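Read the structure below first, then the notes.
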Amino acid sequence: MRTALLQSSGRPGSVEGNLKVLDEAAASAAAAGAALLAAPEMFLTGYAIGDDIARLAEEADGEGADAVAEIAVRHGLAVAYGYPERSGDTVFNSAQLISADGTRLANYRKTHLFGCFERDHFTPGEQPVVQAELGGLRVGLMICYDVEFPENVRAHALAGTDLLLVPTAQMHPFQFVAESLVPVRAWENQMYVAYVNRVGQEGEFDFVGLSVLAGPDGVASARAGRGADLVLADVDPAFLAASREANPYLEDRRPGLYGSLV
């Protein structure tokens, strides 16, 4: 399944502007044969927008989701994107996956909030593994800081995730996460990991880009630079199966020894 990573901060504070950026990226991705387009954390509204987070937050089936579904249908590809989700008086940092026919397949709420900014604006989610079937693959969702916890990714591996989508707002000086940690997560859990970052200065944050799609061999088959970009790579089920057979980490685990970890 050809997968496109949209590395962009869009138009912070403008849902309409971000939908336009997403629509243009979807057109380019579809023309290149992509079946899936993944956008960064909080892409629908922007990340460093302060109290506008609460103002622009909407329910998972709100107008923003409808607009993304229209983009997915128009260009014939699935779309994953980050947004602030409202549920009553509570706001979550969420990511949603919508299929090429406009169906909402999965919605995930970030479980590990990073820093005072996120803790001031969001409530953490409580469901670590959220998955959907897409193109013959089991696709999982998490967001940015979540991938830095090995237990999170291992939970996905044990649940059979083939491709882990990680919308991200990863900033300086933590670029080693994109450069080193994400390929290791893909290797040690025998899955594909798509880590899709924002880019450039936004409020107090300097987003470093470096979006990457890493395979179960620990190799980055696609990697963006520091500027806005759209990069594509293939997620190959046959290669994944062969890699899992050659590297049986999950089969060789000894869970009885790990009780003290939790």
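The values are calculated or read from the model by the stated rules, or taken from the named source; none is laboratory data. Since this is a predicted model, take the numbers as computed values, not measurements. Note: ideal-geometry Cβ built from the backbone for every residue, glycine included; neighbour counts use all protein chains shown. Just the protein is used for accessible areas: all its heavy atoms, side chains included, with ligands, DNA and RNA removed. Shrake-Rupley method; radii C 1.70, N 1.55, O 1.52, S 1.80 Å.
Six or more apart or on different chains, Cβ under 7 Å: which pairs go from a residue in the stretch 112-124 that's in contact (Cβ under 8 Å) with a residue 12 or more places away in the chain and in a helix (DSSP H, G or I) to one that's open to solvent by less than 50 Å² (accessible area, probe 1.4 Å) and of a type in the set (Val, Ile, Thr)? Could you list them?
Matching pairs, first to second residue: HIS121/ILE53; HIS121/VAL91.
If you go through the stretch 232-262 one residue at a time, how many are closer than 30 Å to VAL21 by Cα and in a loop (DSSP other than H, G, I, E, B)?
2
In this structure, does VAL219 turn out to be touching a residue at least 40 places away in the same chain (Cβ under 8 Å) and among the β-branched types (Val, Ile, Thr)?
no
Among strands (runs of 3 or more DSSP E) lying entirely in the stretch 148-231, which contain 1 or more residues that are surrounded by fewer than 16 Cβ atoms within 10 Å (Cβ to Cβ)?
The strands (runs of 3 or more DSSP E) meeting that bar are 199-202, 205-208.
Six or more apart or on different chains, Cβ atoms under 7 Å: show the pairs whose first residue is in the stretch 36-54 and touching a residue at least 24 places away in the same chain (Cβ under 8 Å) and under 17 Å from ARG86 (Cβ atoms) and whose second is open to solvent by 10 Å² or more (accessible area, probe 1.4 Å) and among the β-branched types (Val, Ile, Thr).
Partner pairs satisfying both residue conditions: LEU44/VAL15; THR45/VAL15; ILE53/VAL91; ALA54/VAL91.
Could you please find all residues in the stretch 85-102 being farther than 29 Å from ALA32 by Cα and outside any loop (DSSP other than H, G, I, E, B)?
Selection gives GLU85, ARG86, SER87, THR90, VAL91, PHE92, ASN93.
Taking into account only those residues within the stretch 86-131 that are under 21 Å from ALA194 (Cβ atoms) and among the β-branched types (Val, Ile, Thr), which is surrounded by the fewest Cβ atoms within 10 Å (Cβ to Cβ)?
Applying the filter and picking the extreme gives THR103.
Can you find, within the stretch 11-51, the residue that is farthest from VAL73 (Cα to Cα) among those that are of a type in the set (Ser, Thr, Tyr) and open to solvent by less than 10 Å² (accessible area, probe 1.4 Å)?
TYR47
Are any residues in the stretch 59-84 under 22 Å from VAL166 (Cβ atoms), open to solvent by 10 Å² or more (accessible area, probe 1.4 Å) and outside any loop (DSSP other than H, G, I, E, B), and if so, which ones?
The one that is under 22 Å from VAL166 (Cβ atoms), open to solvent by 10 Å² or more (accessible area, probe 1.4 Å) and outside any loop (DSSP other than H, G, I, E, B): ALA69.
Looking at TYR258, TYR145, can you tell me which residue is at pLDDT below 95, hydroxyl-bearing (Ser, Thr, Tyr), open to solvent by 10 Å² or more (accessible area, probe 1.4 Å) and out of contact with any helix residue (DSSP H, G or I) (no Cβ under 7 Å at 6 or more places or on another chain)?
Exactly one of TYR258, TYR145 is at pLDDT below 95, hydroxyl-bearing (Ser, Thr, Tyr), open to solvent by 10 Å² or more (accessible area, probe 1.4 Å) and out of contact with any helix residue (DSSP H, G or I) (no Cβ under 7 Å at 6 or more places or on another chain), namely TYR258.
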